[in-house]
Amino acid sequence: MEKIIDNMVTSTHDVKISDRGQILMSGVKKIISFDNEEFLMDTTLGGLLLKGESLELVKLDTHDGCVSIKGIINSMVYDDAKKKDGESLIGKLFK
């Protein structure tokens, strides 16, 4: 299923993790920052922080919003709403 957001067609946000060693995602609007331990992304469902070890960007399709990352995946955290103190996870990361 596709959604139209600000005149831009984007796919739904799907995540597939294989053996904690590879992750395939759709619905990624942009990668804000990344290194070999974490990826900070903006998805159609909000901010996403992916943490792990030896993380490597394998494929990035900016037209379709598909991303493939390999490495040891330790955690994924979505930031889709403001916290009680009024600051989002992404806002705290960029203090």
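The values are calculated or read from the model by the stated rules, or taken from the named source; none is laboratory data. In this text, all values refer to a predicted model and were calculated from it rather than measured experimentally. We work out accessible area using only protein heavy atoms, side chains counted, and drop any ligands, DNA or RNA first. Shrake-Rupley method; radii C 1.70, N 1.55, O 1.52, S 1.80 Å.
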List every residue whose amide H lies under 5 Å from the amide H of N74, counting only residues 5 or more places away in sequence or on a different chain, with H placed 1.01 Å from N in the peptide plane.
K51, G52, E53
HN-Hα couplings for the range 40-47 via Karplus (6.51, -1.76, 1.60; θ = phi - 60°), in whole Hz with x for Gly/Pro, come out as 10, 10, 10, 10, 5, 10, x, x
Using modelled amide H (1.01 Å from N, peptide plane; none on Pro or chain starts), what sits under 5 Å from the amide H of E37, excluding residues fewer than 5 places away?
L55
Under a 1.4 Å probe, counting only protein heavy atoms, S33 has an accessible area in Å², nearest 10, of 50
Which order do you get for D19, D14, D42 if you rank them by accessible area with a 1.4 Å probe, largest at the top?
D19, D14, D42
